[in-house]
Amino acid sequence: MEKAKVSAPGKIILSGEHSVVYGQPAIVTALDKRLFVEIKEGRGKTEIITDEDPNLAYYALLKTEEFLKEKLPVLRIKIQSEIPVNRGLGSSAALAVTMVTALLNYLKKELDKNLINQIAFEIEKKQHGKPSGCDNSIATFGGTIEFRRGKIKSLKIKPNFGFVLIDSGRAVESTGEMVALVRRKFNYLKTKKVIKKIGKATVQLIKELKKDDFNKLKLKTLIAENEKLLEELGVIGKKAQKIIREIEDISGTAKICGAGGIKSGSGIILGFHQNQEKLKSLLRKRNIAFFKAKIHQKGVRVEKD
Ligand code: PMV
C-alpha cells in the first residue's frame, strides 16, 4: 500500500520575536523535537488521527488542494508530535510544513522546498493572522537562519552554546492573539522604538554568532536586553517574569522564545548560566520543568519508515 511519512522540526527564536513581524531580523534555529505525519490510503472519507485539535490539519488539506488545483484522494492521516503546543516552539508551522510535504510525497510530486514553504505560509496565516513567515521557513529549511521580510539567510553557528529550555507553562493566548496585541500598540512611538531596539540587538547578535569564537558574555548581554524589551512590549506574564528574575538573581540570563503569553504561562524560556548546574539546581528546587535540546537540526525530510 502507498504510504508517505514526513517529519519537520520545532524551533526556537534566539532573538527577534514580534519585531520580525515589522521587518526587523530574527535568528531562528531548528530543534531536535519533530512532528511526524504519515499518510496512507483511506476508506469512506478522509480521517485525521491526532491528540491535538485537527482543524489546522484539515485546513492544510484544503490549501494544498487549492495550490495543486486537484482534488485529493480519501486519506488516512496520522499526526504524532514531540513538540509541545502553545509554547513558542513552532508546532503549528511544523504541522503545516509536514502536512504539505507528506501530501506532495504521497502524490509523487516534486518536493520543491520553496513551494512547500509558500503553501505552509498560507496555512500559517489561518493560525496566526499576519505571521512573519519565520516559523514555516525554519521548519522547511532547518539549520539556523537569519530571517527578514521573507528573506532567508543561512547562519553557521556552533551547534551547542550551553542553554536549557525552561517551561513557564502553556500560553492560553494564541500566537495570533499575541501578535494582534502588539499591533494594537504599534501606533505608539514608544512601541516603535522598542521594536527598533530589538532589531538592533538582533543585528548585534547575528554579528557575534558569525564569529568563530563568539563572546559568551556579549551573547548573555544581548539575550538579557532582548528579554527586557519584550517585557516592555507587554508580551510576558508574571509567572515567566518571576522565573526569569530568579535566574538573573543567580547571575544567569533568560528570555522567552516565541510569541509569549500574559494571562498564564508564556511558553518556553531560553536560560543560560556560565555554571549550568547552578541553573538546573534552582529549577529543580522550584519544581520548574526544563530540558536540554539540540539546535541547528535538519528541516523537513522524508522518513524511511
Ligand atoms: O508562534 P510562536 O510562539 O513560535 O511565535 C512566532 C513568532 C512571532 O514573531 C511572535 C510571530 C511571527 O509571525 O513571527
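For the reader, a short list of remarks on this structure follows.
- Condition broken by residue 105, with the remaining ones in (1) within 20 Å of residue 31 (Cβ to Cβ); (2) among the polar types (S, T, N, Q); (3) away from the ligand (no atom under 13 Å from the Cβ); (4) in contact (Cβ under 8 Å) with a residue 24 or more places away in the chain satisfied: (1)
- Any pair with Cβ under 8 angstrom, 6 or more apart, that starts in the range 19-42 at a residue that is surrounded by fewer than 22 Cβ atoms within 10 Å (Cβ to Cβ) and ends at one that is of a type in the set (Ser, Thr, Tyr): 36/7; 36/81; 36/98
- Every residue from the range 149-175 that is in contact with a strand residue (DSSP E or B) (Cβ under 9 Å, 6 or more places away or on another chain), more than 26 Å from residue 279 (Cβ to Cβ), in contact (Cβ under 8 Å) with a residue 12 or more places away in the chain and away from the ligand (no atom under 11 Å from the Cβ): 152, 154, 156, 172
- Hits in the range 23-54 (condition: within 16 Å of the ligand (Cβ to nearest atom), more than 24 Å from residue 110 (Cα to Cα) and modelled with pLDDT of 95 or more): 23, 24, 25, 26, 27, 28, 29, 31, 33
- Residues of the range 129-158 classified as out of contact with any helix residue (DSSP H, G or I) (no Cβ under 7 Å at 6 or more places or on another chain) and in a loop (DSSP other than H, G, I, E, B), total: 5
A quick yes/no check of all residues on (1) of a type in the set (A, V, I, L, M, F, W, C); (2) in a loop (DSSP other than H, G, I, E, B); (3) touching a residue at least 12 places away in the same chain (Cβ under 8 Å):
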position	(1), (2), (3)
202	no, no, yes
219	yes, no, yes
245	no, no, no
251	no, yes, yes
266	no, yes, yes
279	yes, no, yes
287	no, yes, no
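The values are calculated or read from the model by the stated rules, or taken from the named source; none is laboratory data. Being a predicted model, the structure only gives us computed values, none of them experimental. Note that each Cβ is placed from the backbone with ideal geometry, even for glycine, and that neighbours are counted across all protein chains shown.
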